[in-house]
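The values are calculated or read from the model by the stated rules, or taken from the named source; none is laboratory data. The structure displayed is predicted, hence computed values, not measured ones. As a convention, Cβ positions derive from the backbone with ideal geometry for all residues, glycine included, and neighbour counts pool all protein chains shown. All accessible areas refer to the heavy atoms of the entire protein, side chains included, with ligands and DNA or RNA removed. Shrake-Rupley method; radii C 1.70, N 1.55, O 1.52, S 1.80 Å.
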4 protein chains.
Amino acid sequence: MTFPAPLTGVVPPVCTPLTPEREVDVPSLLRLVDHLVGAGVHGLFVLGSTSEAAFLTDAQRRRVVETVAGHLGGQLPVLAGAIDMTTPRVLDHVRAVTAAGAEAVVVTAPFYTRTHPSEIVHHYRRIAALSPVPVIAYDIPVAVHTKLPAELVLGLAGDGVLAGIKDSSGDLAAFRELVTGARAHPGFGVLTGSELIADAALALGADGAVPGLANVDPHGYVRMYRQCRAGDWAGARAEQERLCALFGLTAVGDPARMGRGSSALGAFKAALHLRGVIDCPVTAEPQVPLSGEETEKVAKFLACAGLL
Amino acid sequence: MTFPAPLTGVVPPVCTPLTPEREVDVPSLLRLVDHLVGAGVHGLFVLGSTSEAAFLTDAQRRRVVETVAGHLGGQLPVLAGAIDMTTPRVLDHVRAVTAAGAEAVVVTAPFYTRTHPSEIVHHYRRIAALSPVPVIAYDIPVAVHTKLPAELVLGLAGDGVLAGIKDSSGDLAAFRELVTGARAHPGFGVLTGSELIADAALALGADGAVPGLANVDPHGYVRMYRQCRAGDWAGARAEQERLCALFGLTAVGDPARMGRGSSALGAFKAALHLRGVIDCPVTAEPQVPLSGEETEKVAKFLACAGLL
Amino acid sequence: MTFPAPLTGVVPPVCTPLTPEREVDVPSLLRLVDHLVGAGVHGLFVLGSTSEAAFLTDAQRRRVVETVAGHLGGQLPVLAGAIDMTTPRVLDHVRAVTAAGAEAVVVTAPFYTRTHPSEIVHHYRRIAALSPVPVIAYDIPVAVHTKLPAELVLGLAGDGVLAGIKDSSGDLAAFRELVTGARAHPGFGVLTGSELIADAALALGADGAVPGLANVDPHGYVRMYRQCRAGDWAGARAEQERLCALFGLTAVGDPARMGRGSSALGAFKAALHLRGVIDCPVTAEPQVPLSGEETEKVAKFLACAGLL
Amino acid sequence: MTFPAPLTGVVPPVCTPLTPEREVDVPSLLRLVDHLVGAGVHGLFVLGSTSEAAFLTDAQRRRVVETVAGHLGGQLPVLAGAIDMTTPRVLDHVRAVTAAGAEAVVVTAPFYTRTHPSEIVHHYRRIAALSPVPVIAYDIPVAVHTKLPAELVLGLAGDGVLAGIKDSSGDLAAFRELVTGARAHPGFGVLTGSELIADAALALGADGAVPGLANVDPHGYVRMYRQCRAGDWAGARAEQERLCALFGLTAVGDPARMGRGSSALGAFKAALHLRGVIDCPVTAEPQVPLSGEETEKVAKFLACAGLL
């Protein structure tokens, strides 16, 4: 298939189900993909932060892409993260994930190293020059500790280096600058990574959303996306507020015992397990697992949202 | 050889010379190792931040360790960074670098993901359980955006999980807490990563130093280390102040054009090139190279320090 | 007048015009107030960040409140910032500004000192207990380096301690939590401090907006507010996008020469001077003034927005 | 008296004893001053962070300076903080504290507002031009969220704008740059604000120390200062390590219940109360008081240090 220009719609960052031994659980992954596709999503993003890409070995990453791309067979666009610290290491991942079937790669600013705007520009230019598929920028300051400046992104959009952006910065004012600036670059897709203000992002002109919570409730996000496209802002707001309430499940983990990542990813997987989509809710090391009590709280959130 | 317990002395984080095509320049790397060993250093740390580990592909990382460990043949301890985001990925590097001859591995807190002290503890425990060689913690908040708490490190020292720490936090008060606390754990090595206050760190009881600038002037750091060990604090201070002046070369890069990393690593390599140790001063992508004018400034710093 | 519960509408944070000698320019301030009131704003907030409250002496602060409150005579609600580091110092300001006629006080979390949620709660409780007028929280992490947690604010709303919040955090997801949570506390007003996503904030249920740029174009914000209230989301979005373009004037200052505060406040005052509202565009020390060339850029922004 | 150029020695930042009603407790303050002077300190710094300057009203600040300066009568230099957000407000404090007898003023970078190096320079120049007494820079990034660059400080030292610096940044490498750079400006005093590495700071050439813990154990810091001056580095290190152990009292406060400021200032005052120096350990609002159990822990630290 030709990769859509721009990419639009709901494109969930797909969780990576693991076995109790922490290997990729292929049957569960396939069920999760079917669960998402059946809900009407418009694409799939594997090896993102929600996919625990930071925790997966290179072999596991390859397995995930092969599994999902092979299963979908071009039915929907498959984006894959190429998450690593710098250009040469990212390029190795680009080669691996495109060989495994990814139709676009998603790339952050350099991290671990202290970087600079001119280095970020060179990073994306170099990767785009060598990538066989479109490159989508991934703006996730909470992980890489740099915010991609809108001007930089739009410059690279104008030069055809970037095909789109997933914005997980939480900064809607900067996001708006991308959306309005991107009107000059019609094939460039601007997608929000927010679970909580996706309606607002779509209202101001975003092309789509990449919400981690869509693993748990893909129908909700697809419904909201359609309401937004139809101009039913009141309906979209009500749906979004329901999803915001559901998002409370990401905070069930005791902050004295675990980080927010452990809590959120653990809760997504617990919810998928409780809903019967995946076989095992385990997360990768060194994340702390949810307790039984915390998992019960996840179940309550699901029940309140009518998902159990 | 048996890995020293504790590790002591000057242990430079070895730069990784690259060819113009950005492959590992093995002959230059061997000359650099000889340059350091000839100056009397007490160990070598490859694949650290100064080694551009964040920029090297897995194949290049392996090549570096094989080259250095093979060349040294047990003459001096060789530590290798296993720098990656989380436990499973770090474990892959541990396997690779120990297979290639590393006698200890150096491991940071998880990064990219949001982490928590209990997760950091589990991370180190798991890695130590599976590593065939001693594990040394690498505290580098500027890169991983977490500071390792002294209490956490000392707890892991007491349990035999960690064999030492390289502290690149710049926080001498916290470093002192490590040094005094480590007296209860005699085999545990506490080393500073500072180029600028290594004399102060040694004065308060550090076991050694891992200064990037020792690539450029290993004799200076070895001399200062011996002065400290001999209680010649005035001599050590004078030597340290000379090295502080030399360190000014890391700031030659124009901050409007490049980040501090590009400037510092570019200057180390330019200095090694100017001193005739390596063939080519190129740094890995996406770093910005020094201009001719900036390189001339490096030459002036070398001349002032009597190194040219 | 009774202070509205909740406070709603467009409530500009009023700039403080200064004479060339940097005293409060009372005639200019009165003209500015008339300019805002004439545009149909719903209240005025003096001594906020946009008012340069951080730069005004106690005598100047008093003068500003007396001038504005005296001039308005109860026609519109007048809120005054009581901006200082901790409870006892804030209480002194509360006394002063209410004596001068303020009908509500606007109070940040403690700053300079390292604080804690329980201390923030005690801070607001103590101030509310002693204030003769309603207390409105001011969430401005860029200034005080603490984000007010939504749960904390809603708890204080429920207890009647706080009458509302001005949220200048830029975090619309957290803002939404306030808006939806505040439905349980009908008199509590939730206002955004954003210039750039006020339409989005109103769309998700905000009571009003406190945009600094409303000094320059109060008609624009009043128009947008009315469009939002009428459900004309397309019209509101177009108006907001026009205001976003105008907001570009806050970046005219050369970042090599001045901070963003100097640039933004200097540009607001330059615009008011160019529009004939105030006599002198000077800002308080130690801010850097705009150059002639930078002021010309402000004029171009005004011209593009049809304001000159 | 003429203010010493450079200022040297141990200059404690004097705690401000309060009555149960949270007014300045003048008799306790006088006893505290006598306790410090009797131990041989070389100057006193009132209205610093340890003095709870951020919490004291203008009237209380004036009272503190009058009390201490009046009591000392020129016997020792009295420095006073003029802690406020920006130039005009700081200038008001400069007038007040010098009228009350302060012989030097201690001034931070601007805070609350976003600042810029050129604005910081202008801030200090303006204050120095109008201050009747020497101006000492106060580098305290934890409070003001800006680090004073060494180059900037040394430039102002060279121009006679600044008479010295109290460095509470914790960054000993940057401190060393000040110390070595200040050799070109003989009257400029470089003092560390660290309790924990004062020996290291003195070893590399600092003129003195301003340690909050010296309220509790002034004899210890005076002893260590004399050892450093006499070149007895082993003795100084042992004394410093004893003081580091004592400093553990600042962490007695439960972090779930209070911030680090409440814990540290509460512990200093609890210790002074337990030692019989002040009548009441209360701290200013909104700080959380230590519990009885926490106070007992303070007592244990004192006992271990031989101070009870």
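Data table
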{"read-out": "Isotropically averaged projected area of chain A, using the convex hull of Cα atoms (one quarter of hull area), nm²", "value": "14.4"}
{"read-out": "Most fluctuating residue given options C:THR115, C:THR86, C:THR146, as computed from a GNM of chain C linking Cα atoms under 10 Å", "value": "C:THR115"}
{"read-out": "Extent along principal axes [Cα atoms of region C:140-241; Å; largest to smallest]", "value": "37, 29, 20"}
{"read-out": "Members of B:LYS269/B:LYS300; B:LYS300/D:LYS147; A:LYS297/B:LYS147; B:LYS147/D:LYS147; A:LYS147/B:LYS147 lying beyond 26 Å, as alpha-carbon distances in this model show", "value": "B:LYS300/D:LYS147; A:LYS297/B:LYS147"}
{"read-out": "Per-copy distances of the B:SER118 label point, shortest first, in nm (7 angstrom along Cα→Cβ)", "value": "2.1, 4.7, 5.1"}
{"read-out": "Label zone at D:THR19 (point 7 Å along Cα-to-Cβ), backbone N below 13 Å, region D:52-85", "value": "none"}
{"read-out": "Chain C: most fluctuating residue of C:ALA256, C:ALA128, C:ALA198 per GNM, C-alpha cutoff 10 Å", "value": "C:ALA256"}
{"read-out": "Nearest-20 debye value, region C:1-88 charge dipole, Cβ charges on Lys, Arg, Asp, Glu", "value": "140"}
{"read-out": "Euclidean distance of C-alpha centroids, region C:190-204 and region D:47-124, integer Å", "value": "39"}
{"read-out": "Kirkwood Rh in Å, taken over all unlike Cα pairs in the protein assembly as shown", "value": "32.1"}
{"read-out": "Shielding by partners - mean other protein chain Cβ count within 10 Å, residues of D:83-93", "value": "6"}
{"read-out": "Gyration tensor (alpha-carbon) shape descriptor, region B:1-86, a/c threshold 1.5", "value": "oblate"}
{"read-out": "Relative contact order %, chain D, counting alpha carbon pairs below 8 Å whose residues are six or more apart", "value": "19"}
{"read-out": "Structure-based [θ]222 nm, the protein assembly as shown - -39500 (n - 2.57) summed over DSSP H runs of at least 4, per residue, nearest 500", "value": "-14000 deg cm²/dmol"}
{"read-out": "Sequence-separation-based contact order of region A:11-90, relative, with Cα cut under 8 Å and 6+ spacing, percent", "value": "35"}
{"read-out": "Förster radius 41 Å - calculated FRET efficiency between D:ARG95 and D:ARG183 (Cβ-Cβ, nearest 0.05)", "value": "0.75"}
{"read-out": "Point-charge dipole on Cβ atoms (K/R +1, D/E -1) for chain A, about Cα centre, debye to 20", "value": "260"}
{"read-out": "Averaged over B:106-113, number of beta-carbon atoms from partner chains that fall within 10 Å", "value": "6"}
{"read-out": "Of A:GLY70, A:GLY193, A:GLY48, the one that fluctuates the most in a GNM where chain A has Cα springs shorter than 10 Å", "value": "A:GLY70"}
{"read-out": "For the pair B and A, total buried accessible area rounded to nearest 100 Å², probe 1.4 Å", "value": "3800"}
{"read-out": "Phi to ³J(HN,Hα) by Karplus 6.51 cos²θ - 1.76 cosθ + 1.60 over region C:219-225, Hz, x for Gly, Pro", "value": "4, x, 5, 5, 4, 5, 4"}
{"read-out": "Cα-centre dipole for the protein assembly as shown with unit charges at Cβ (Lys and Arg positive, Asp and Glu negative), debye to 20", "value": "0"}
{"read-out": "Innermost chain C residue relative to the axis carrying C onto D, by Cβ distance in angstrom", "value": "C:HIS145, 3"}
{"read-out": "Neighbouring partner chain Cβ atoms per residue of A:195-201, average, 10 Å criterion", "value": "5"}
